[in-house]
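Worksheet: one structure, shown below.
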Amino acid sequence: MSTAPSGVTQRRAPSENRPPTGRKRRPVTTAQRENRTGLAFVTPTFLVVLVVVIIPILWTVLLTFQHARLVDIQGMGLFGNWTLDNFTAVFGSAGFWSSLSTTLLYTVGSTAGSIVLGLIAALALRRPFRGRGLLRGSMLLPYVAPVVAVAFVWQVALSPQYGIVNEWGGKLLGWDDPLAFLSTRSYEVSLLGLHFDIPLALLTVIAFETWRYFPFAFLFLLARLQAVPDGLEEAARVDGATPSQNFRYILLPQLMPVIALLSVLRFIMTFNKFDDVYLLTGGGAGTDVVAVRVYDFLTARFDVGAAAAQALVLAAVLTVLLGIYFTFFAKKVQEEA
Amino acid sequence: MTRTQFEERFFGFARWVTIAFLAAITIVPFYYMLLLSVKPIDALLLDPGSLWVAAKDFTLDTYRSVLRPTSEGGQGFLRMLLNSAAVALGTVLLTLAAAVPGAYAISRLRFFGSRHVSTVFLAVYLFPSTLLAVPLFVMFAKLGLSGNLMGLAIVYIAQTVPVSIYMMRNYFTTIPRSIEEAAALDGCSRLQTVRKVVLPLALPSLMATGLYVFMIAWNEFLFALLFLAASPDKWTVSLGLQQLAGGIEVSKTVLMAGSVVLTIPVVLLFFAAERLLTEGLTSGADKS
């Protein structure tokens, strides 16, 4: 804390509450004044966040320890009968654990997919070419466009009856039957005599998420790539580095901090994602992520307590994962940066 | 051929393949959306794989049908567009009003807790929005604000304030302190400095933040679903499209026209502002 010398003339000494008295008083230091102004400025923002975010979250935490159904929640007092039933129900149900592992798969797949595709895109669009500006603009379309609209387009395009993908897939790739991308839990593929079951609907949802968010990664990575000094790469080239070595030893270390940041951001956002899965599959066919499950508990069973408990567990899992990340990996990245 | 030559040729080729692939995956879905929106449903069912529309099939009836009010047999998207616009604009104004003072304080002033406030705000994103939805839903039902567009805008603040503070804080820190000190020397109070000096300089950031908030509010779906699903005359476009897409009464090509109508405002706004936002305004302001 910096404190101004107390002898400094106070040009705008706060006059309110302090009528000029003969009594000797300590002048208000600059730091104190700044503290007061800062608090005054931050109060409105804080109040808004308190009302629409913090109080609801705390209330939810209280709800998880009560038997709460949507119909009787209005008449209920804040502190009702405490119970741990919601948590035992959540941890005891098989559905929750499979849902949690689906969420993890979905999150890791989409995060990795969007960052890898974004990185490839940033590398391809790094050097200028005719029409680059146009392509860069159009590449942001999936990210900017409303999720309901693009999900609807995907639904129609992937439809087994009138979808363009199945039509062309049948013609060009020789699919025998139309694939129901969004409602097939597992699809059997035989390759070289081996049979695999692939979770088709989950992969489709991951592909959608990758497609929708790679522009986000692309923007960050392109900005960072263009800030890499030319001299570095030139020196490497003079020393005989091939393009792939140049990428591995020059560019990638420069990009690593951005990639780490993107991974964390995308992980958090995708982990809590509701819209995309709900709109594409409604949570069916093996895509039952926790966020959609919470919604179902809320709207189909009106079981507020159980819904809140699952959401809270989801938030806790996320916090733990982030904690692990920041303890073990964040320092390393900072050193590299 | 050396390894370098080989790699240069290989990546030179791969680069164009990648560019073509990226163009295809980003443009084709939107082209497909436009294409289907000007076709009658029979044409789609007859030839689902077609990538163009025959002149005899071309129609704008889909748009007429989707925009007409429900009383005249349409889908009433015009009304939903107005609802969406009202909610989105309301959210922008409320968010900026709530976030500007906070962002300024965090970027400029040292006060009790100043270093932790922004972390607290950003921690909001750790919680799934479904979690926030329950208590907000009950609170607004009690206040009689559920099924109300203004209520929805207030709820959206929860989603937009943290990121707005983050965006604007980063910009405020780039404004040179000396400009503010000059204003203070000329007799401006802190509030006047913010209003007359900082905000005009931060205009690009305010617009970028406002635009981002507008996009979030326009595209938002979950809260609209929870709060407005029961009152169809308050539906936003996103909600209306989803509600109709689930049924079988409305033909897919008409809904495709609805998707175009939903997408165009954000996309236009985004491209119109993209250039404007890249111009830095502070350059030269601090030269002595």
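What follows is calculated from the coordinates using simple rules that are stated; it is not laboratory data. All of these numbers come straight from a predicted model, not from anything done at the bench. Here Cβ is always computed from backbone atoms with ideal geometry, including for glycine, and neighbour counts include all displayed protein chains.
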Check your understanding: Any idea what angle helix B:237-246 forms with the longest principal axis of chain B, computed on alpha-carbon atoms, 0 to 90 degrees, nearest 10?
Key -> 30
Exercise for review: Can you pull a Stokes-Einstein diffusion coefficient for region B:3-67 at 4 °C (1.567 mPa s), Rh from Kirkwood over Cα pairs, as a whole number of µm²/s?
Suggested key: 89
Review point. Taking Cα atoms, how many degrees apart are the long axis of helix B:203-219 and the longest axis of chain B, rounded to 10 and kept between 0 and 90?
Key: 40
**Study point:** Centroid-to-centroid separation of region A:294-331 and region A:129-146 [C-alpha atoms, Å]
**Key:** 34
Point to revise | A:Asp176-A:Phe302 pseudo-label distance in nm [points 7 Å out on the Cα-to-Cβ vector] | key: 4.9
Revision key, fill the gap. For the protein assembly as shown, the count of lysine pairs 8 or more apart or interchain whose alpha-carbon atoms are under 20 Å apart comes to 5
Check your understanding: In whole Å, what are the Cα extents of the protein assembly as shown along the three principal axes, biggest one first?
Key -> 97, 75, 52
Review point. By its C-alpha gyration tensor, with a ≥ b ≥ c as the square roots of the eigenvalues, how is region A:86-336 shaped: rounded for a/c under 1.5, else prolate for a/b larger than b/c, else oblate?
Key: oblate
Check your understanding: If you count, for every residue in B:48-56, the Cβ atoms of partner chains within 10 Å of its Cβ, what is the mean?
Key -> 3
Exercise for review: Return A:Val205, B:Val92 ranked ascending by Cβ neighbour count within 10 Å, so the fewest neighbours appear first.
Suggested key: B:Val92, A:Val205
Practice item. From the P(r) of region B:77-278, can you give the percent of Cα pairs sitting at distances over 32 Å? Key: 27
Check your understanding: How far is the Cα center of region A:227-249 from the Cα center of region B:155-189, in Å?
Key -> 39
Point to revise | Separation in nanometres of the label points that stand 7 Å from Cα toward Cβ, at B:Arg115 and B:Asp57 | key: 6.5
Exercise for review: Could you work out the relative contact order of chain B, using alpha carbon pairs under 8 angstrom and six or more residues apart, expressed as a whole percent?
Suggested key: 27
Check your understanding: If one takes the longest principal axis of the Cα atoms in chain B, at what angle in degrees, from 0 to 90 and to the nearest 10, does the Cα axis of helix B:252-278 lie?
Key -> 30
**Study point:** Relative contact order %, region A:86-336, counting alpha carbon pairs below 8 Å whose residues are six or more apart
**Key:** 29
Review point. For chain B, what is the mean residue ellipticity at 222 nm derived from helices alone (per DSSP H run of n ≥ 4: -39500 (n - 2.57); sum divided by total residues; nearest 500 deg cm²/dmol)?
Key: -23000 deg cm²/dmol
Review point. What does the convex hull of the Cα atoms come to per residue for region B:31-88, in Å³?
Key: 96
